[in-house]
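Asks: Before anything else, here's the structure in question.
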There are 2 protein chains.
Amino acid sequence: MAILVQKFGGSSVANPERIKAVAQRVVEAKQRGYQVVVVVSALGDTTDELIELARQISARPPKREMDMLLSTGEQVSIALLAMAIHELGHAVISLTGAQGGIITDATHTRAKILQVNTERVERELAEGKIVIVAGFQGVTPGYDITTLGRGGSDTTAVALAAALKAQECEIYTDVDGVYTADPRVVPSARKLADVSYGEMLEMASLGAGVLQPRAVEFASMYKVPIHVRSSFNYENGTMVREERVLEKDMIVVGVAHDVNVAKVGILDVPDRPGVAARIFSALAAEAINVDMIVQTTKEQQTTDMLFSVSRDDLPQAKEIVEAVAKELGAKGVIVNDNVAKVSIVGAGMVSNPGVAARMFEALAKANINIQVISTSEIKVSCLVRAEDALKAVRVVHEAFGLDQTDQATKAAM
Amino acid sequence: MAILVQKFGGSSVANPERIKAVAQRVVEAKQRGYQVVVVVSALGDTTDELIELARQISARPPKREMDMLLSTGEQVSIALLAMAIHELGHAVISLTGAQGGIITDATHTRAKILQVNTERVERELAEGKIVIVAGFQGVTPGYDITTLGRGGSDTTAVALAAALKAQECEIYTDVDGVYTADPRVVPSARKLADVSYGEMLEMASLGAGVLQPRAVEFASMYKVPIHVRSSFNYENGTMVREERVLEKDMIVVGVAHDVNVAKVGILDVPDRPGVAARIFSALAAEAINVDMIVQTTKEQQTTDMLFSVSRDDLPQAKEIVEAVAKELGAKGVIVNDNVAKVSIVGAGMVSNPGVAARMFEALAKANINIQVISTSEIKVSCLVRAEDALKAVRVVHEAFGLDQTDQATKAAM
């Protein structure tokens with residue numbers, strides 16, 4: 001029997017009524033003949049409430065204890081969803097991340113999945129049960145509870161789908177699918193029927209917010225087809241899979257933006273080998289992800305190093321970088337959280353010169369200053385002032401004709 | 001180094017301020033030179049809120065899922081308390097029941113502890129850490145989360161104290177210790193400095209509410225001295241230990257009452273062997289505790305069977321008993337939750353005739369009707385109408401002179 005993994009986010013299970021609706025949806029999949037594994041996030045704002053509770057006790061709580069605290073959120077969800085499914089007369093069992101075999105490393109608050117032990121899940125499926133697994137959480141080989149960081153439930157779902165060789169992983173969310181841009185920012189944005197893992201990865205990393213990047217990486221690695229769709233209707237959403245059919249035709253598939261970003265700079269570092277390594281290994285040691293690194297060497301044998309981090313990580317990053325700057329004899333450290341990242345993504349970009357230039361032109365025409373540029377084979381990202389971000393998305397979306405269903409601009413490029 | 005186990009109830013950790021106060025108290029014990037193991041309950045009303053959430057989903061949620069849900073309450077407490085202790089600069093780690101090695105049977109919502117695996121706790125203590133273990137919860141050998149039922153955190157604390165060979169188990173609560181009666185009912189009630197396990201067990205079973213009966217059983221079995229004391233002051237509370245010094249002197253140590261009780265009767269059961277076994281094994285199969293069984297056989301070869309159960313168990317008990325009554329050909333089933341149990345407890349009772357009679361006289365003088373009587377070597381319990389309960393406690397307390405510090409009545413008996 002084919003296995004289907006369904007993942008429901010926090011807004012889909014925000015209250016008892018919605019939990020009952022999710023239960024209905026899960027039972028329908030079971031009735032269509034699937035063995036169903038469900039992954040759920042914490043109810044609505046539970047995680048934020050728990051974080052607030054922790055802040056009232058400690059400004060810098062130990063991360064292991066944060067995981068102990070936050071993992072209760074999903075445990076509540078799985079129990080309630082199991083009750084709702086039981087109420088509909090179906091055999092069901094809820095499992096914590098640990099019980100569901102989600103084994104992670106010990107990087108608390110942003111652990112990485114090392115392994116998925118599927119014995120328990122497979123045993124329960126074989127007994128005819130719907131199996132609910134807590135998203136966002138896992139356990140170290142030493143039995144400490146971990147969490148996977150922001151959006152970690154997606155990763156749980158895809159990792160389970162991969163390990164169970166599921167036919168598909170459905171990600172239910174409060175939007176209809178993946179759009180060419182955030183529809184709240186660009187009302188004419190269109191839903192994409194199909195997107196490749198590579199494109200989705202860039203979209204996700206760049207703040208499209210629909211899917212967690214690590215989840216897409218996992219899906220790509222194990223070839224798990226993901227169906228991103230709404231929990232509030234039955235329409236098809238966006239399929240994320242190995243190669244989309246239209247890849248060569250559609251050069252830019254979307255414009256992403258991310259306001260949860262901050263800029264850090266170390267100025268006038270004496271320019272000698274090992275400087276970059278020293279800075280970024282210090283950040284890596286604290287598991288702070290760095291993005292968009294730009295280095296400019298000046299004539300007087302010093303160098304400026306600019307990079308972006310998640311805004312959440314800024315206080316910690318600042319502390320680390322200030323210590324390293326002192327040690328390296330740098331003149332100073334600047335931080336700025338009044339920035340946002342706007343990016344275009346498309347697998348066709350690599351074979352089409354002039355795509356980046358078109359983006360820069362569109363921004364220049366709108367009088368938007370670019371602070372940092374970073375490119376890959378399938379994306380171009382620009383750091384701009386936070387207040388310019390939404391305007392930037394709109395003008396770039398228009399410049400690539402993403403609101404036109406016939407995509408007339410494709411030929412023009 | 002001596003090990004001290006400290007247990008804090010829900011009201012002691014009801015909010016961040018109180019959690020900080022508990023942290024302070026724990027650190028003081030550590031500074032006095034103890035290895036400290038702390039057991040905590042869920043914050044304030046958390047458990048009730050979670051039960052309410054479950055009720056919005058299902059009238060009869062599966063018990064396994066209730067345990068999955070309810071166990072999150074203590075997990076929140078242990079994480080927050082660990083943060084508060086860390087904030088005071090002390091090494092600390094929180095452990096769930098499972099991590100703390102609390103292995104139970106699979107009787108969900110009222111599991112029994114089978115074993116305590118102390119390896120992890122001892123390892124963390126050896127590393128100099130304060131160890132916090134979630135009360136009320138455990139794990140089956142098959143890794144399912146269980147809860148120990150009402151007041152289960154006391155049992156966790158005593159079981160850990162026994163397994164770790166702790167010097168003492170401190171139970172912090174919102175009262176100063178064990179009283180000769182509930183001080184809210186009898187203002188002249190006195191705090192007992194010392195009480196034996198047997199007496200405490202009867203007091204606890206009879207609804208004195210300060211300590212969970214199973215915790216006292218455990219303590220008695222493994223000779224763990226318990227110190228019941230207030231988390232709001234530093235005064236000595238009541239020591240519960242093997243034999244109190246004054247045992248022979250003080251015949252009755254206290255008057256307990258329990259309003260969480262209901263009466264069930266099966267009327268006119270054909271009187272043949274095996275009737276009682278059939279009724280009470282059906283109840284036991286659902287883990288319903290039965291108390292105060294009274295059987296009266298009538299001339300016409302039928303028998304009436306009366307017993308009391310916890311009021312929480314009444315709906316389930318009624319269902320079971322009605323089915324059994326039908327099967328046995330009984331005339332009818334009566335249930336009544338308008339009852340309360342009032343009891344006197346004292347280890348000296350066995351060697352002092354006339355104690356029960358003095359209680360009955362006191363009740364009769366106050367015009368209180370006794371519905372059911374049950375006695376043991378160290379207690380006498382009477383079921384009375386719920387509205388008579390508090391008056392009954394007062395008149396019995398007075399009849400045994402428990403408010404008099406010199407206990408003049410002892411000699412008189």
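Asks: State all residues of the range A:116-171 that are touching a strand residue (DSSP E or B) at 6+ places or on another chain (Cβ under 6 Å) and basic (Lys, Arg); if no residue qualifies, say none.
Replies: A:Lys129, the sole residue that qualifies.
Asks: Here's something else I'd like to know. I'd like to verify a number: residues in the range A:23-55 that are within 11 Å of another protein chain (Cβ to nearest Cβ) and in a helix (DSSP H, G or I), how many?
Replies: Number satisfying all stated conditions: 8.
Asks: Still on this structure, please answer the following. With the structure loaded, tell me whether A:Gly101 is within 12 Å of another protein chain (Cβ to nearest Cβ), surrounded by 20 or more Cβ atoms within 10 Å (Cβ to Cβ) and over 27 Å from B:Leu43 (Cβ atoms) or whether it fails that test.
Replies: Judged against the criteria, A:Gly101 is a match.
Asks: Taking the range A:6-21 only, how many residues are touching a strand residue (DSSP E or B) at 6+ places or on another chain (Cβ under 6 Å) and farther than 13 Å from A:Arg229 by Cβ?
Replies: Residues that pass the stated criteria total 1.
Asks: Let me ask you something else. Exactly one of these conditions fails for A:Asp174: (1) within 15 Å of A:Gln115 (Cβ to Cβ); (2) over 14 Å from the mean Cα position of the chain (by Cα). Give me its number.
Replies: The failed condition is (1).
Asks: Further question: Quick check on the range A:281-297: of everything there that is in a strand (DSSP E or B) and under 24 Å from the mean Cα position of the chain (by Cα), which residue is surrounded by the fewest Cβ atoms within 10 Å (Cβ to Cβ)? Full working, then the answer.
Replies: If we filter the range A:281-297 for residues that are in a strand (DSSP E or B), which is where we start, we get A:290-297.
From the residues that got through so far, the ones that are under 24 Å from the mean Cα position of the chain (by Cα) too are A:290-294.
Values: A:Val290: 16, A:Asp291: 17, A:Met292: 20, A:Ile293: 14, A:Val294: 16.
Going through the qualifying residues, I end up with A:Ile293.
Asks: Please specify each residue of the range B:120-140 satisfying the condition of being in a strand (DSSP E or B) and either among the β-branched types (Val, Ile, Thr) or not assigned by TED's automatic domain parsing to the domain that holds B:Leu69 (or both).
Replies: Result: B:Ile130, B:Val131, B:Ile132, B:Val133, B:Val139.
Asks: Of the residues that sit in the range A:124-155 and are surrounded by fewer than 24 Cβ atoms within 10 Å (Cβ to Cβ), away from chain B (no Cβ under 14 Å) and in contact with a Leu (Cβ under 9 Å, 6 or more places away or on another chain), which one is farthest from A:Val27 (Cα to Cα)?
Replies: Filtering the range A:124-155 for residues that are surrounded by fewer than 24 Cβ atoms within 10 Å (Cβ to Cβ), away from chain B (no Cβ under 14 Å) and in contact with a Leu (Cβ under 9 Å, 6 or more places away or on another chain), the one farthest from A:Val27 (Cα to Cα) comes out as A:Gly151.
Asks: Then there's this: Kindly indicate the residue of the range B:26-55 that is charged (D, E, K, R) and surrounded by fewer than 17 Cβ atoms within 10 Å (Cβ to Cβ) and also farthest from the chain's Cα centre (by Cα) among those meeting that condition.
Replies: B:Arg32
Asks: Separate question: Take the conditions more than 8 Å from chain A (Cβ to nearest Cβ), assigned to a helix (DSSP H, G or I) and crowded, with 23+ Cβ neighbours inside 10 Å and apply them to B:Ala111. Does it pass?
Replies: So B:Ala111 does not fit the description; no.
Asks: What pairs can you find where one residue is in the range B:56-69 and more than 7 Å from chain A (Cβ to nearest Cβ) and buried (at least 23 other Cβ atoms within 10 Å of the Cβ), the other is assigned to a loop (DSSP other than H, G, I, E, B) and not basic (Lys, Arg), and their Cβ atoms are less than 9 Å apart, with a gap of 6+ or different chains?
Replies: Filtered contacts from the range B:56-69: B:Asp67/B:His108; B:Asp67/B:Thr109; B:Asp67/B:Ala111; B:Asp67/B:Asp144.
Asks: Restricting the range A:164-187 to residues that are over 19 Å from A:Asn236 (Cα atoms) and out of contact with any helix residue (DSSP H, G or I) (no Cβ under 8 Å at 6 or more places or on another chain), which is farthest from the other protein chains (Cβ to nearest Cβ)?
Replies: It comes out as A:Pro187.
Asks: Still on this structure, please answer the following. If you take the residues in the range B:1-19 that are within 12 Å of chain A (Cβ to nearest Cβ) and buried (at least 21 other Cβ atoms within 10 Å of the Cβ), which one is nearest to the chain's Cα centre (by Cα)?
Replies: That would be B:Val13.
Asks: Out of A:Val116, A:Val158, A:Val92, A:Val76, report the one residue that is in contact (Cβ under 8 Å) with a residue 40 or more places away in the chain and within 13 Å of another protein chain (Cβ to nearest Cβ).
Replies: Checking each option against the conditions leaves just A:Val92.
Asks: Now for a separate question. Looking at the range A:377-389, is at least one residue more than 19 Å from A:Val294 (Cβ to Cβ), over 22 Å from the mean Cα position of the chain (by Cα) and surrounded by fewer than 21 Cβ atoms within 10 Å (Cβ to Cβ)?
Replies: Within the range A:377-389, one or more residues are more than 19 Å from A:Val294 (Cβ to Cβ), over 22 Å from the mean Cα position of the chain (by Cα) and surrounded by fewer than 21 Cβ atoms within 10 Å (Cβ to Cβ).
Asks: When you go through (1) surrounded by fewer than 18 Cβ atoms within 10 Å (Cβ to Cβ); (2) outside the structural domain of B:Ala111 (by TED's automatic domain parsing) one by one for B:Thr180, which number turns out not to apply?
Replies: (1)
Yes/no per residue for (1) of a type outside the set (A, V, I, L, M, F, W, C); (2) more than 24 Å from B:Arg150 (Cα to Cα); (3) modelled with pLDDT under 80:
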site	(1), (2), (3)
B:Arg278	yes, yes, no
B:Ile288	no, no, no
B:Asp304	yes, yes, no
B:Val309	no, no, no
B:Pro315	yes, no, no
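Asks: Condition test on A:His90, is it of a type outside the set (D, E, K, R), touching a helix residue (DSSP H, G or I) at 6+ places or on another chain (Cβ under 6 Å) and assigned by TED's automatic domain parsing to the domain that holds A:Ala163?
Replies: Judged against the criteria, A:His90 is a match.
Asks: Pairs, please: C-beta under 6 Å, at least 6 apart or cross-chain, first residue at pLDDT below 90 and in the range A:201-228, second crowded, with 24+ Cβ neighbours inside 10 Å and among the basic types (Lys, Arg)?
Replies: Final answer for the pair search is A:Glu202/A:Lys379.
Here's the yes/no breakdown for (1) within 12 Å of A:Gly265 (Cβ to Cβ); (2) surrounded by fewer than 20 Cβ atoms within 10 Å (Cβ to Cβ); (3) at pLDDT 90 or above; (4) in the same structural domain as A:Val275 (by TED's automatic domain parsing):
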{"site": "A:Lys318", "(1), (2), (3), (4)": "yes, yes, yes, yes"}
{"site": "A:Lys331", "(1), (2), (3), (4)": "yes, yes, no, yes"}
{"site": "A:Ala347", "(1), (2), (3), (4)": "no, no, no, yes"}
{"site": "A:Pro353", "(1), (2), (3), (4)": "no, yes, no, yes"}
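The values are calculated or read from the model by the stated rules, or taken from the named source; none is laboratory data. Owing to the predicted nature of the structure, the values given are computational and were not obtained by experimental measurement. Because the Cβ atoms are built from the backbone with ideal geometry, glycine has one as well, and the counts that use them run over all protein chains shown.
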